[in-house]
Amino acid sequence: MEIAKVTSNGQITIPSDIRRRLKIKDGDKVLFMESDDGVLMFNSSMVALRQIQSDMEGKAEKAGLFTEDDVVALCREVRRELNGGRNANNA
């Protein structure tokens with residue numbers, strides 16, 4: 001359990017052990033969510049990453065992408081289309 005003092009401007013210093021556990025670095029944003037017992041604090045970047053991973057789950061398989069080679073081939077195809085059919089072997 002950690003304790004932090006609130007300044008007259010409503011600011012607190014997040015204890016170093018908590019920053020380390022949440023992987024919060026200088027300039028990062030934190031997310032506060034209310035719960036029945038109080039307020040929870042999260043590293044907003046990690047929350048966003050988990051949400052993207054959840055949203056994308058199963059999408060690759062549905063698109064027929066099962067290997068890294070499948071992804072490279074798709075990138076080449078898209079680049080070829082964007083380049084008007086010119087060679088796009090550099091993936």
Self-check item: Residue count, the stretch 39-81 (criterion: in contact with a strand residue (DSSP E or B) (Cβ under 7 Å, 6 or more places away or on another chain) and of a type in the set (Val, Ile, Thr))
Solution: 2
Quiz item: Which of (1) farther than 25 Å from LYS25 by Cβ; (2) in a helix (DSSP H, G or I) is the odd one out, the single condition GLN53 does not satisfy?
Solution: (1)
Practice problem: Kindly provide the set of residues from the stretch 11-64 that are of a type in the set (Val, Ile, Thr) and either closer than 30 Å to MET1 by Cα or in contact (Cβ under 8 Å) with a residue 40 or more places away in the chain (or both), ordered by number. | Solution: ILE12, THR13, ILE14, ILE18, ILE24, VAL30, VAL39, VAL47
Quiz item: Quick check: is even one residue across the stretch 65-77 farther than 29 Å from GLU2 by Cβ, open to solvent by 60 Å² or more (accessible area, probe 1.4 Å), modelled with pLDDT of 90 or more and not in a helix (DSSP H, G or I)?
Solution: yes
Quiz item: Any idea which of MET46, MET33 is surrounded by 11 or more Cβ atoms within 10 Å (Cβ to Cβ) and either in contact with a Leu (Cβ under 7 Å, 6 or more places away or on another chain) or among the hydrophobic types (A, V, I, L, M, F, W, C) (or both)?
Solution: MET46
Exercise. Identify, from the list MET41, MET56, the residue that is loosely packed, with under 10 Cβ neighbours inside 10 Å and hydrophobic (A, V, I, L, M, F, W, C).
Key: MET56
Quiz item: Do the conditions hold for GLU81, that is, is it more than 30 Å from ARG20 (Cβ to Cβ), in a helix (DSSP H, G or I), at pLDDT 90 or above and among the acidic types (Asp, Glu)?
Solution: yes
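The values are calculated or read from the model by the stated rules, or taken from the named source; none is laboratory data. Because the structure is a prediction, the values reported are computed rather than measured. Glycine also receives a Cβ, built like all others from the backbone with ideal geometry; neighbour counts cover every protein chain displayed. For accessibility, only protein heavy atoms count, side chains too; no ligands or nucleic acids. Shrake-Rupley method; radii C 1.70, N 1.55, O 1.52, S 1.80 Å.
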